[in-house]
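Down below is the structure, laid out as structure tokens.
The values are calculated or read from the model by the stated rules, or taken from the named source; none is laboratory data. Note that this is a predicted model, so its numbers are computed, not measured. No Cβ is skipped: glycine too gets one built from the backbone with ideal geometry, and neighbour counts run over all protein chains shown. In case anyone asks, the SASA skips ligands and DNA or RNA and just uses the protein heavy atoms, side chains included. Shrake-Rupley method; radii C 1.70, N 1.55, O 1.52, S 1.80 Å.
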Amino acid sequence: MNEDPYKVLGLSSDATQDEIQKAYRRLAKKHHPDLNPGDRAAEEKFKQVSAAYDLLGDEEKRRRFDRGEIDAQGAERPQHRYYREYADAAADHPYASRAGFQDFADEDIFAQFFSRGGERFRDVRMRGADLRFHLRIDFLDAVRGARRTLTLPDGASMNLNIPAGVEDGQVLRLRGKGAAGVNGGEPGDALIELEIGTHPFFSREGRDIHLDLPITLDEAILGGKIEVPTPTGRVTMTVPAGANTGRTLRLRGKGVQGKPKGDELVHLKIVLPERIDPELEAFMRRWREQHRYDPRQAMGAA
């Protein structure tokens, strides 16, 4: 996401954290893929909204973005002056190498390999420096696996395969994709630290996915088949008759993909209609008079 995250959420930069959260929830519900099946534009907008909230919903990350320390993707902004000064300071050392600053310096590091004693060490081979990157990925990309293109500071790009089941903070190593070696030395590696975004209704524990699923009063009493969202698409699940709030049903293999596959744990939550119509109210009054019971009896006195 290169667009200003404030604009993505339709907010100004002085918005409160509460306003940011409300805007995210509203837009996430509006553009969620499960509510817009087959709509690529809605899916892309949902990803943009999620990425914007990942950045602005975290107060520390938001402050760093506002100060210009990180970009809209949460990646560190190259501090050119800092690295230049650091490299110049290191030049006073007889064995100093500029290889570690190759992606920020303009000089030919092969011509300026050593600031002193260059003739004596010009044939020494050195491995290239490792380059470190920060990459924010969607929750579902971490669960299902994905292929992303990573843009390097010099404008070049590299393809990155994200395995299913990666963890927040995990570092992926791309062999030979770092800075070039010196005098024929092998190149360094690219180290990509992953940051995984949140999801509006999925959460994750290990390789299992958790979902709080609202069900209607009649579905809880009578049971029946209902559609349930999973990371790999909607599936049909049977709710047993007499299901209570808090009952957990398991969808095997519908959690984190890869090997082994995790499960999705569906936690049922009975939700009444926003407006209780007179017919339902009258029925419940009659039912209560004839079938009164106390679900809190076992709790005893407070």
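Order these peptides, 45-52, 275-282, 243-250, by their mean beta-carbon neighbour count within 10 angstrom, highest first.
Descending packing order for the listed peptides: 45-52, 243-250, 275-282.
Once label points are set 7 Å from the Cα along Cα→Cβ at both Leu191 and Val124, what is their separation, rounded to one decimal in nm?
Label at Leu191, label at Val124, 2.2 nm between them.
Within the set of other residues whose C-beta is less than 15 Å from the C-beta of Lys261, count the net charge using Lys and Arg as +1 and Asp and Glu as -1.
+3
Computed FRET efficiency, Cβ-Cβ of Glu274 and Arg144, R0 45 Å: what is it to the nearest 0.05?
0.85
Kindly report, to the nearest 10 Å², the accessible surface of Tyr6 as traced by a 1.4 Å probe over protein heavy atoms only.
Roll a 1.4 Å probe over it and Tyr6 shows about 10 Å².
At a Förster distance of 30 Å, what's the computed FRET efficiency of Glu44 paired with Arg252, Cβ-Cβ distance as r, to 0.05?
Efficiency at R0 = 30 Å is approximately 0.45.
Can you give the FRET efficiency for Arg175 and Thr245, using 1/(1 + (r/R0)^6), R0 = 51 Å, r = Cβ-Cβ distance, to the nearest 0.05?
Numbers: r = 50 Å, r/R0 = 0.99.
About 0.50, to the nearest 0.05.
Obtain the nm distance between the two label points defined at Leu217 and Gln17 by a simple spin-label model: each point lies 7 Å from its Cα along the Cα-to-C-beta direction.
With each label point 7 Å from Cα toward Cβ, the separation is 3.8 nm.
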